[in-house]
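Taking it in order: structure first as structure tokens, then the write-up.
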Amino acid sequence: MKDYIGDILGNLKLSLHVQIHAMIYIDRVVENGSVKLNILTLHRLVLVALVIASIYLKQDVSRTTFAHIGRVRLSELMNAEAQLFTSLKGELFVEDEEFEIYMDALTRRGETSNLQSIERMCTA
């Protein structure tokens, strides 16, 4: 899992804002019960949350690039993206206070530069 996330982050150079938004989106769908988080679903959820966050925040990475680096077919990625967007009920905006809570949690753990901590935060 860590290698998979590390590969994605190492190859895409996504901003910290994108990574934190992705973490928030994952927590939202886990909390609303629309996704059951386990080691088998986590890798795809991370990938798709990063896609949605990067689109929302206008970071210029193509879906084709995400699919290639994430080792999934583009059609599979787009279907998963639609499902996650639906699970989020289209609510992609993150309040400054919510962003700061996640940023503070990462800072306390000494993990301010990558999403590899997502496994620990989401499965704790």
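The values are calculated or read from the model by the stated rules, or taken from the named source; none is laboratory data. Bear in mind that the values here come from a model prediction, so they are computed numbers and not experimental data. Here Cβ is always computed from backbone atoms with ideal geometry, including for glycine, and neighbour counts include all displayed protein chains. All accessible areas refer to the heavy atoms of the entire protein, side chains included, with ligands and DNA or RNA removed. Shrake-Rupley method; radii C 1.70, N 1.55, O 1.52, S 1.80 Å.
Some values worked out for this structure:
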| read-out | value |
| --- | --- |
| Span from the region 42-70 Cα centroid across to the region 2-37 one, whole angstrom | 9 Å |
| Selected from Leu57, Leu14, Leu47 as most flexible by GNM, with the chain as the system and alpha-carbon contacts under 10 Å | Leu57 |
| Count of Lys pairs (Cα-Cα under 23 Å; at least 8 positions apart or interchain) in the chain | 5 |
| Portion, in percent, of the accessible area of region 40-105 that falls on carbon or sulfur, probe 1.4 Å | 56 percent |
| Choice from Ile26, Ile39, Ile52 with maximal GNM fluctuation in the chain (Cα, 10 Å cutoff) | Ile39 |
| GluC sites (Glu not before Pro) lying in DSSP loop within region 26-91, provided at most 14 other Cβ fall within 10 Å | Glu91 |
| Rel. contact order, % - alpha carbon contacts under 8 angstrom, at least six apart, the chain | 38 percent |
| Solvent-accessible surface ranking, highest first, for Met23, Met103, Met78 at 1.4 angstrom | Met78, Met103, Met23 |
| Unit charges at the beta carbon, dipole of region 39-100: most positive-side option, His68, Ser54, Leu42 | His68 |
| Under the Karplus curve 6.51 cos²θ - 1.76 cosθ + 1.60, θ = phi - 60°, whole-Hz ³J(HN,Hα) for region 15-21, x wherever Gly or Pro sits | 5, 4, 4, 4, 4, 5, 4 |
| Whole-Hz ³J(HN,Hα) from phi, Karplus 6.51 cos²θ - 1.76 cosθ + 1.60, for region 74-85, glycine and proline x | 4, 5, 5, 4, 5, 5, 5, 4, 4, 5, 5, 4 |
